[in-house]
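The values are calculated or read from the model by the stated rules, or taken from the named source; none is laboratory data. Everything numeric in this text was worked out from a predicted model, so none of it was measured. Quick reminder, even Gly has a Cβ in these numbers, built from the backbone with ideal geometry, and neighbours come from all protein chains shown.
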């Protein structure tokens, strides 16, 4: 009996060890390999952080300025001018970007290197911003986290103050005094202005057009809206020295709103934050 009992225990130990080994193998098979992501769009980068997948991010482009932690990653520069060799040196598993920013050269070299290229539609509205959040998060396996981000966007937009009077707002894009453009109808900037409670002063044309003294006088905005980088490129109070601006209501009152370019026009997870900031600035205009 003792010998039989010993054999039984030995057999049981062997079976347990085999099952344990099988479970260990199963766990190895179930383990999902982490991605090594290079993001070539600031809004996509923000979403990756917003849903908690930043550990998989190894490189970014020049528009990825938020959150601050993103600036500590390898910066590959502007998507249109980046060195594909520098990108490949990071040994990414995936490159994510907006579909209208993919160059044939980049696409070809990524394919040759067997690196997966993942693209998303360029967002130009709040609804498209929410869709982008959901699509990027789904790809990352973070659908639930996306729902939380979208819910906050909706809640923040509902909290925007209703203004008694809509200020006339002229968005001016600047890269020094030699490049001054104003935003017209059907532009993403017009959508932000209107949603925040203002009226776009750029009327009678679609897209962007060069700023002229005649056009700015005719528009007569109550306030001028600019990217912070654009305003700084003109120097202190530089926009008010542009011919025609001083005669407008905005010029007379030195009414200028400066906002971070990525925040204002990125249509990412902070789109409602941008609208809230703009809405508060509009409330100050007399």
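Some observations on this one:
- The residues listed here are 123, 92; of these, the one that is modelled with pLDDT of 95 or more and within 29 Å of residue 276 (Cα to Cα) is 123.
- Reported count of residues in region 226-281, each being touching a helix residue (DSSP H, G or I) at 6+ places or on another chain (Cβ under 7 Å) and within 22 Å of residue 186 (Cβ to Cβ), is 17.
- The residues of region 177-205 that are assigned to a strand (DSSP E or B) and surrounded by 14 or more Cβ atoms within 10 Å (Cβ to Cβ), listed by number, are 180, 181, 182, 183, 199, 200.
- If you check 192, 181 for being in contact with a helix residue (DSSP H, G or I) (Cβ under 7 Å, 6 or more places away or on another chain) and at pLDDT 95 or above, only one passes: 192.
- Condition check for residue 115: more than 30 Å from residue 211 (Cβ to Cβ), buried (at least 17 other Cβ atoms within 10 Å of the Cβ) and either more than 22 Å from the chain's Cα centre (by Cα) or assigned by TED's automatic domain parsing to the domain that holds residue 227 (or both): yes
- Leading residue by the ranking (surrounded by the most Cβ atoms within 10 Å (Cβ to Cβ)) among those in region 150-176 that are outside any loop (DSSP other than H, G, I, E, B) and touching a strand residue (DSSP E or B) at 6+ places or on another chain (Cβ under 8 Å): 169
- Counting the residues of region 82-103 that are over 26 Å from residue 133 (Cα atoms) and surrounded by fewer than 11 Cβ atoms within 10 Å (Cβ to Cβ) gives 2.
- Residue 236 fulfils the conditions (1) over 29 Å from residue 66 (Cβ atoms); (2) modelled with pLDDT under 95; (3) out of contact with any strand residue (DSSP E or B) (no Cβ under 8 Å at 6 or more places or on another chain) except for a single criterion, (1).
- If you go through region 61-80 and keep only what is over 14 Å from residue 97 (Cα atoms), in a loop (DSSP other than H, G, I, E, B) and over 12 Å from the mean Cα position of the chain (by Cα), you end up with just 73.
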